Amino acid sequence: MQSQEARKRFQEQMKRVKERMSKVKHKIAVISGKGGVGKSVVTANLAVAFAMNGREGRIGVLDADIHGPCIPKIIGLKGRRLVAGPPGIFPASGPLGLKVVSMDFLLPEQETPVIWRGPLKYQAIRQFLSDIVWGDLDYLFIDLPPGTGDEPLSVMQLLPDMDGVVIVTIPSEVSRDVVMKAVSFARQLNTPIIGIIENMSGFICPNCGAEIDIFRVGGGEKIAKEMNIRFLGRIPIDPKICEDSDEGVPFVMKHRDTAAAKAFMEIVKKIEEIVEAGRREQCD
């Protein structure tokens, strides 16, 4: 009897996932093969850049990093709490009406660790998708933790109609093998790969404007060519990105005239073109 009740609850929850996600036009996961490549910073600034591009109030971000959520810190929502109502739980509201959900909003203290195994993490992500009142969105970005573990697998299984994944890497050759694992992971799950972003690609001197290749340049583009994947663009190192993230201010909003902010906007255009083209193909 208990197993039948549990199965019924699961079916009802999956029905709600389908209903909630039917109001989201495009769902994109952002992944990386390893940590330290600035994936969450890229996710947050991409989402804000999309909102700046005529989609205010129609962009969402799901911080699916259960153990190390940092999206709220990057966009100035640290300390917020989710509010519940009759339809469900409402996301926190960020810059330009950005709708954000994160495990960080549920922790009693900033230092509280999340000591969970796979099944609990799967259940949490399922609830984020089924119980959150996302509303009508043009894009939902899902920031996944590094690697190919529980959280990425859970998201791919729960959202089989995902538009695709964006892979973030750095120029170093050291990242090559782990990026290839991320590519293979997406392909094995039959999830489209939108393209690769090369983050920390060259340093723009704040004094003279010269570009210095601290971590070399071109590693991400080389991997994209080797694996027959689109290369979405390079984001140069800019100290203001780190400063703004620490202050909780979206970099692309505060410093929109910089080379890095312009790179984000160019990548936004490419992602839009690729996703819209893919959707038209599905309709045809």
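The values are calculated or read from the model by the stated rules, or taken from the named source; none is laboratory data. Since this is a predicted model, take the numbers as computed values, not measurements. With ideal geometry, Cβ positions are generated from the backbone for all residues, glycine too; neighbour counts draw on all protein chains shown.
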Filtered residue count, the stretch 60-87, keeping only those that are hydrophobic (A, V, I, L, M, F, W, C), farther than 24 Å from Gly118 by Cβ and either without any contact (Cβ under 8 Å) to a residue 60 or more places away in the chain or in contact with a Lys or Arg (Cβ under 7 Å, 6 or more places away or on another chain) (or both): 2
Got a number for residues in the stretch 146-181 being of a type in the set (A, V, I, L, M, F, W, C), under 18 Å from Ile66 (Cβ atoms) and in a loop (DSSP other than H, G, I, E, B)? 1
Inspect the stretch 232-244 for any residue being loosely packed, with under 15 Cβ neighbours inside 10 Å, within 17 Å of Gly38 (Cβ to Cβ) and not acidic (Asp, Glu) and give the result as yes or no. yes
Please work out which one of (1) surrounded by 16 or more Cβ atoms within 10 Å (Cβ to Cβ); (2) over 28 Å from Ile274 (Cβ atoms) is the condition Ile71 fails and give its number. (2)
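Quick check on this structure: which one of Leu153, Leu159 is closer than 24 Å to Phe50 by Cβ, within 18 Å of the chain's Cα centre (by Cα) and hydrophobic (A, V, I, L, M, F, W, C)? Give the derivation first.
Working: Leu153 fails: closer than 24 Å to Phe50 by Cβ.
Step by step, each of Leu153, Leu159 is checked, and only Leu159 is closer than 24 Å to Phe50 by Cβ, within 18 Å of the chain's Cα centre (by Cα) and hydrophobic (A, V, I, L, M, F, W, C).
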Enumerate the pairs (first residue in the stretch 220-234 and over 13 Å from Ile193 (Cα atoms); second residue anywhere and among the charged types (D, E, K, R) and at pLDDT 95 or above) with beta-carbon separation below 9 Å, excluding pairs fewer than 6 apart on the same chain, so at least 6 apart or on different chains. Gly233/Glu266; Gly233/Lys270
Identify, please: which residue in the stretch 103-124 is in contact (Cβ under 8 Å) with a residue 40 or more places away in the chain and not acidic (Asp, Glu) and is, among those, surrounded by the fewest Cβ atoms within 10 Å (Cβ to Cβ)? Pro113
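Here's the yes/no breakdown for (1) aliphatic (A, V, I, L, M); (2) modelled with pLDDT of 90 or more:
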{"residue": "Pro236", "(1), (2)": "no, yes"}
{"residue": "Asp244", "(1), (2)": "no, yes"}
{"residue": "Met265", "(1), (2)": "yes, yes"}
{"residue": "Ile274", "(1), (2)": "yes, yes"}
{"residue": "Cys283", "(1), (2)": "no, no"}
Of (1) out of contact with any Asp or Glu (no Cβ under 7 Å at 6 or more places or on another chain); (2) of a type in the set (S, T, N, Q); (3) closer than 13 Å to Lys34 by Cα, Ser184 satisfies every one except (3)
Residues of the stretch 125-158 being buried (at least 18 other Cβ atoms within 10 Å of the Cβ) and among the β-branched types (Val, Ile, Thr), in sequence order, are Ile125, Ile132, Ile142, Thr148, Val155
Scanning for something of a type in the set (Ser, Thr, Tyr), assigned to a helix (DSSP H, G or I) and crowded, with 17+ Cβ neighbours inside 10 Å, does the stretch 19-34 turn up at least one residue? no
Checking the conditions here, which among Arg16, Arg9 is surrounded by fewer than 15 Cβ atoms within 10 Å (Cβ to Cβ), modelled with pLDDT under 95 and either of a type in the set (Lys, Arg) or in a loop (DSSP other than H, G, I, E, B) (or both)? Arg9
Subset of the stretch 186-197, residues in a helix (DSSP H, G or I) and either of a type outside the set (A, V, I, L, M, F, W, C) or more than 15 Å from Pro160 (Cβ to Cβ) (or both), comes to Arg187, Gln188
Taking the stretch 58-96 and the residues there that are touching a strand residue (DSSP E or B) at 6+ places or on another chain (Cβ under 8 Å) and on the phi > 0 side of the Ramachandran plot, the one that is modelled with the highest pLDDT would be Leu96
If we keep only residues of the stretch 152-184 that are touching a Ser or Thr at 6+ places or on another chain (Cβ under 9 Å) and without any contact (Cβ under 8 Å) to a residue 40 or more places away in the chain, then the residue farthest from Val41 (Cα to Cα) is Pro160
Checking Lys99 against (1) at pLDDT 90 or above; (2) within 16 Å of Pro145 (Cα to Cα), only one condition comes out false. Which one? (2)
